[in-house]
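Here is the structure we will look at.
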């Protein structure tokens with residue numbers, strides 16, 4: 001459902017698209033996922049092997065469940081498109097996948113009933129006799145059941161492009177840390193490329209109720225972006241994912257040029273960039289972890305950061321009764337934001353014995369979630385508190401399991417992330433580590449898992465650290481790789 005007065009979407013510009021043959025109305029700025037959340041659609045797919053019901057889990061490109069097929073003119077089909085990334089536009093048509101004959105009535109869901117007999121690699125032990133049946137019967141059936149999504153088999157007539165760009169500094173990520181790094185380097189006169197995978201800059205500031213310099217987060221982002229766009233030495237590349245780090249300060253980047261609008265004959269779908277930048281700052285932030293418990297894959301179980309993201313960025317809530325489960329303060333942040341928006345929070349389940357009491361919701365201190373119920377969507381959460389077990393009514397369960405810094409690019413030349421017991425996460429390797437990417441400096445939000453909270457709150461100290469890192473990279477230039485004796 002939509003929440004009045006919330007979100008950054010343009011409610012004056014309705015957009016109509018189709019999901020599984022039915023019309024859905026969203027607004028300019030929506031993704032397919034946010035429009036489906038607002039429309040009350042909780043079931044969006046089926047799991048790979050057992051065809052268990054799947055719902056939306058996240059709010060970003062890390063989404064594992066909401067994988068859809070995009071139907072295009074001429075019969076072309078693009079499978080495995082993330083609903084959390086695909087922006088809505090008039091005429092868009094998407095379809096759920098890995099189900100037959102329909103999403104709600106999937107005959108292959110019978111696999112879940114026989115899961116005990118369908119272990120990993122069972123077909124190599126089961127379909128052994130008679131041998132002549134393997135190529136003619138068994139293998140075709142197994143191949144037909146395997147895989148996620150199907151290609152249309154038609155030639156892709158859409159145009160694609162490749163291009164080249166050069167800069168003194170590449171800033172990866174346009175969250176608060178990346179914006180400050182780009183601003184500092186731009187003011188210093190460096191040629192800067194700011195690459196952001198999302199359609200809007202701001203990162204988590206778009207999804208949180210935070211203020212920076214006395215301004216709401218989105219307003220602060222708009223002010224910084226206005227200054228950056230006015231600088232001739234700064235190039236902002238939205239919808240652009242940095243795909244790899246290579247020798248000689250080379251970076252691969254994939255820009256989604258035409259995937260957010262109706263196809264046009266003179267507009268490429270995507271453009272692959274080869275960016276030369278001897279210095280780079282990684283400001284990709286962090287990803288929230290889920291929590292492991294029985295049946296945590298049921299539609300309605302979502303990350304707490306996603307629940308806040310749909311609320312603050314898209315003005316949408318996935319349910320009417322929300323329970324929250326987490327062992328740190330992000331769980332209570334989520335509950336407070338929901339209560340302020342008029343959403344009923346049935347409980348905050350916090351394993352800590354000294355968990356804070358809530359204002360407008362009940363805290364279950366020292367309790368844990370041990371299960372869920374509901375066939376095609378969540379209807380209740382089973383909780384263990386001390387020696388007692390009971391059900392909590394909820395159609396959404398927001399889980400907060402901590403944060404993992406996005407360290408992927410720091411490992412592209414062989415360096416390994418470092419486990420930090422205090423942060424309970426893998427952190428990027430140091431610049432002198434074997435295999436470290438030359439010239440790549442990680443912003444504090446990636447170096448220190450605990451700094452994520454400070455970035456979300458736009459702590460002035462964290463901002464100063466990011467600016468200092470940007471100026472340091474510009475001042476000292478590309479670091480020479482350390483020579484290791486073998």
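The values are calculated or read from the model by the stated rules, or taken from the named source; none is laboratory data. Small disclaimer: the values here were computed from a predicted structure and weren't measured. Heads up, the Cβs are rebuilt from the backbone with ideal geometry, glycines too, and the neighbour counts pull from every protein chain shown.
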- Task: Look at segment 380-400 and say how many of its residues are in contact (Cβ under 8 Å) with a residue 60 or more places away in the chain and either surrounded by fewer than 16 Cβ atoms within 10 Å (Cβ to Cβ) or not in a strand (DSSP E or B) (or both).
- Result: 3
- Item | Test set (1) farther than 15 Å from residue 303 by Cβ; (2) buried (at least 16 other Cβ atoms within 10 Å of the Cβ) - residue 338 fails condition number | (1)
- Query: Only one residue in 18, 13 is over 18 Å from the mean Cα position of the chain (by Cα), in contact (Cβ under 8 Å) with a residue 60 or more places away in the chain and not in a loop (DSSP other than H, G, I, E, B), so which one is that?
  - Reply: 18
- Message: Looking at 67, 43, 8, can you tell me which residue is under 18 Å from residue 306 (Cα atoms) and out of contact with any strand residue (DSSP E or B) (no Cβ under 9 Å at 6 or more places or on another chain)?
- Response: 8
- Take the residues of segment 316-335 that are closer than 18 Å to residue 26 by Cβ and buried (at least 24 other Cβ atoms within 10 Å of the Cβ): which is modelled with the lowest pLDDT? 318
- Please go through segment 243-284 and pick out each residue that is part of a loop (DSSP other than H, G, I, E, B) and touching a helix residue (DSSP H, G or I) at 6+ places or on another chain (Cβ under 8 Å). 263, 277, 278, 283, 284
- Of the listed residues (55, 74), the one being assigned by TED's automatic domain parsing to the domain that holds residue 26 and either more than 30 Å from residue 311 (Cβ to Cβ) or at pLDDT below 90 (or both) is 74
- Task: For residue 118, state whether it is touching a residue at least 24 places away in the same chain (Cβ under 8 Å), farther than 30 Å from residue 156 by Cα and over 28 Å from the mean Cα position of the chain (by Cα).
- Result: yes
- Note on the structure: Going through segment 401-439 in order, the residues found to be buried (at least 20 other Cβ atoms within 10 Å of the Cβ), in a loop (DSSP other than H, G, I, E, B) and touching a residue at least 60 places away in the same chain (Cβ under 8 Å) are 406, 428, 437, 439
- Quick one: in segment 1-10, of everything that is under 24 Å from the mean Cα position of the chain (by Cα) and in a loop (DSSP other than H, G, I, E, B), which residue is surrounded by the fewest Cβ atoms within 10 Å (Cβ to Cβ)? 1
- Query: Which one is farthest from residue 115 (Cα to Cα), of the residues in segment 33-57 that are in contact with a helix residue (DSSP H, G or I) (Cβ under 6 Å, 6 or more places away or on another chain) and not in a loop (DSSP other than H, G, I, E, B)?
  - Reply: 34
- What is the one condition in (1) farther than 25 Å from residue 440 by Cβ; (2) crowded, with 21+ Cβ neighbours inside 10 Å; (3) without any contact (Cβ under 8 Å) to a residue 40 or more places away in the chain that residue 232 does not satisfy? (2)
